[in-house]
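Novice: My questions all concern the structure below.
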Amino acid sequence: MATNVETAIRVIWGLLVRLVVVTGTAYVLYRVRSILISLILAILLTYALLPLVDWLCAKRIKGLHHKTQRLLATIITFIVFIGFVGGCVTVMVTPFTEEVTRFTDNVQEYGNQTKAWLASAGKWYAKTVPADMKVLIGKMDPQAVPKALGKYTQGALDTTKSWVKFALDLVLIPVIAFYFVLDHRSLTREMYSLVPRKRRREAVRIGHEAGAILKGYVVGQIILCALAGLLTGLFLTIMGVPYVVVLALFAAVTRAIPVIGPVVSGIPIVLVGLLNFPGLGMAAWLTVFVVVMHFAESKFIMPRLIGARLHLHPAVVIIVLLIGAEFFGLIGMFLAAPVAAIVRELLRLYYVRPPIRGITRKEQADAAII
C-alpha cells in the first residue's frame, strides 16, 4: 500500500511540475512576445542575406584571415541591403510627395469632379433604384455611417500607435541579423552545446529541418515579391499609368504582408488612375487588375509556391494563414506557413516516429560539431 501511495505521489508531483513548467514557459513567452517577433524577423532576414555573404566568402583572399573576410563580406552585404531599402524608400516617397502637392493645388477641381460624380449618382439613384428599395434605404439609421467612420478612425489611430512602436523595434532587427550572419556557426555551436549529448543528434536534425523550411519560405516570399512587382509594372506600363516604378516597387514591398499587402498596394494604384485620367474607366480597369492579381496570387500562386517549398498542401497554407491571423494578426499571417511546417516535422519525429538515420556531413557542418 505504501508503495502504491508513493508511486501515486510521484506521478502527481511530476504532473504538477510539468504543469508549472508549461504554464511558466507560456507566461514568459507571452510577456516577451514582441521580442520573439523581432528575433524571428531577424532570423528571416539572416536567411535572406546569408547566401550573399557565403558567396563572397566562397573564394578565400590570400593574406586575409577568414574571420576578417567574413566581417568585410557581412558589412558589404548590409551596406547593399540598406542602400537598396533606402533607394526604394526614396523612389517611392518623392513622387507621392509631388502627387500630394499637386492634389492640394487642384483640390478645387477635384471637388467639382466629386460634385459631378455625386450628381450623376443621384440621377442614377432616382431613375434606376426601385421604390421599395428606396423605402428600405430611407429606414436605415443615418448616423450609422458617421459612427462607423469614427470607429474606423479610432482603430486606425490605435493601429498607428502600435506601428510606431513596431517601427522602433525594426531598428533592432538588422542589428541582430548582422551578428547572426557574422557568427551563425559559432552561435549554432553554442546552442547545440546546451543540448545533452544523447539528444544532440535529434536537435541537429530538427535544427537542420527548421533551417531548410525557413530558407525555403524566405526564398518563396522573395519570388512572390518580385513577381508582384514585375506584373504590376508591366500592366501599368501597358495602360500608360504614371509612376510605374514607384507603384511596382510599392506592390513588391507590400507583397511581403500576406493577404493584406496586395490590398494596400492596390489603393494608390487606383487613386493614381482616378487623379490622372478623366472618368472612371481607367480606375475600373486598375481595380479589376488589382482584384484579379490578388485573387490569383492568394488562392493559387502563393499556396503552390510556398506550399511546394515547405511541402504543405495549398489548402493547408490558406487554413494556417487564417488561423495565424485570428490569433496573432499580421505577424501571425506572415509566420503561419513556416511555423506549420516546423510543427509538422516535430509531429512526424516524435509521434509518427520514422526511423532516425545518422546525420549527414552537411547537417554536421551546419551544426558546426565536426
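The values are calculated or read from the model by the stated rules, or taken from the named source; none is laboratory data. These numbers were taken from a predicted model, which means no experiment stands behind them. Cβ sites come from the backbone with ideal geometry, for glycine too, and all protein chains shown count toward neighbours.
Novice: Among the residues of the stretch 322-370 satisfying the criterion of being farther than 28 Å from Val195 by Cα and at pLDDT 80 or above, which is surrounded by the fewest Cβ atoms within 10 Å (Cβ to Cβ)?
Specialist: Leu322
Novice: Pull up the stretch 264-291, narrow it to residues that are β-branched (Val, Ile, Thr) and over 14 Å from the mean Cα position of the chain (by Cα), then point me to the one that is farthest from Leu321 (Cα to Cα).
Specialist: Checking each candidate, the answer is Val272.
Novice: Mind checking whether some residue in the stretch 55-67 is touching a His at 6+ places or on another chain (Cβ under 8 Å) and either of a type outside the set (Phe, Trp, Tyr) or surrounded by 14 or more Cβ atoms within 10 Å (Cβ to Cβ) (or both)?
Specialist: yes
This table checks each residue for (1) touching a residue at least 12 places away in the same chain (Cβ under 8 Å); (2) over 22 Å from Gly329 (Cβ atoms).
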| position | (1), (2) |
| --- | --- |
| Gly220 | yes, no |
| Ile238 | no, yes |
| Pro242 | yes, yes |
| Pro278 | no, yes |
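Novice: Just to check your reading of the model, which residue among Ala226, Ala210 is surrounded by fewer than 18 Cβ atoms within 10 Å (Cβ to Cβ), of a type outside the set (Asp, Glu) and either over 22 Å from Ala308 (Cβ atoms) or at pLDDT 85 or above (or both)?
Specialist: Ala226 is the lone residue from the list that is surrounded by fewer than 18 Cβ atoms within 10 Å (Cβ to Cβ), of a type outside the set (Asp, Glu) and either over 22 Å from Ala308 (Cβ atoms) or at pLDDT 85 or above (or both).
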